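Report on the structure given below.
The values are calculated or read from the model by the stated rules, or taken from the named source; none is laboratory data. Quick caveat, the model's predicted, so the values are computed rather than measured. Positions of Cβ are backbone-derived with ideal geometry, glycine not excepted, and every protein chain shown enters the neighbour counts. Only protein heavy atoms, including side chains, enter the accessible area calculation; ligands, DNA and RNA are left aside. Shrake-Rupley method; radii C 1.70, N 1.55, O 1.52, S 1.80 Å.
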Amino acid sequence: MSPLYAPLAAGAEDDNLIRTLLPEEVTVSSIVARAVGTGHHMLKVEGYSRLKHTRGDNGSPLLSGEFRAGGQTWKIRWYLDGAHKEDAGFVSLYLSLVDPGTSAAVHAEVKFELVDQWPLLPLWCRHRKRLQVSPFQPGKSWGFPRFIGAGALEGGGSRFLKGDCFAVRCKVTVVEEQGAMEEEVQAEDMERMGVVCLCKDG
């Protein structure tokens with residue numbers, strides 16, 4: 001059983017009216033979004049210039065192999081000339097969930113990063129994009145329609161394209177919501193609720 005508490009006395013006296021503070025029980029429960037698993041996958045693109053001729057049309061997808069991360073199966077869907085007309089001239093990158101056998105959404109964070117040929121560059125110089133926690137379901141992809149422009153990828157002295165090849169790292173972190181009752185009420189929780197303990201030490 002939780003200890004007894006009462007509302008904080010601020011404002012308890014008003015116009016000389018003294019209110020009796022009745023003891024109350026306080027309990028706390030938590031809902032927490034926790035990372036339950038993380039996985040890494042590297043997509044290698046070899047023969048980039050040939051792929052531009054064979055599969056480089058706007059809206060024409062290419063698919064990675066399936067891979068496991070966070071207890072789920074995923075694949076990367078990418079487009080050499082953008083997924084939509086307004087994204088032409090950009091490489092589009094999306095993550096897709098392979099049918100998990102349930103209708104419930106799988107929530108995950110995603111990070112894509114181009115493998116840099118200059119590995120000693122500081123982190124802030126690297127080309128990476130992160131997607132906050134999003135609900136994944138079969139048939140619905142999340143990602144970046146303009147991950148990188150073709151000019152930036154192919155330009156002279158490119159840090160990413162070497163020997164007509166480039167690679168993208170993908171990090172997937174699956175997140176689940178968990179709820180539970182807390183066994184002990186913490187002092188900071190009491191303050192948030194505007195209560196003060198009436199119990200005595202010991």
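Only a single item in (1) over 23 Å from the mean Cα position of the chain (by Cα); (2) modelled with pLDDT under 85 is not met by Glu46, and it is number (2). Of the strands (runs of 3 or more DSSP E) lying entirely inside region 44-124, those containing at least 2 residues that are open to solvent by less than 20 Å² (accessible area, probe 1.4 Å) span 67-69, 72-79, 90-97, 106-114.
For region 161-178, a residue qualifies if it is open to solvent by 30 Å² or more (accessible area, probe 1.4 Å) and within 29 Å of Gly47 (Cα to Cα), and the qualifying residues are Leu161, Lys162, Gly163, Asp164, Cys165, Arg169, Lys171. Each residue in region 142-160 was checked for being open to solvent by 40 Å² or more (accessible area, probe 1.4 Å) and at negative phi, and 8 of them qualify. The residues of region 45-93 that are under 27 Å from Pro135 (Cβ atoms) and hydroxyl-bearing (Ser, Thr, Tyr), listed by number, are Ser60, Ser64, Thr73, Tyr79, Ser92. Filtered by the rule that a residue be open to solvent by 70 Å² or more (accessible area, probe 1.4 Å) and modelled with pLDDT of 90 or more, region 5-43 gives Thr38, His40, Met42.
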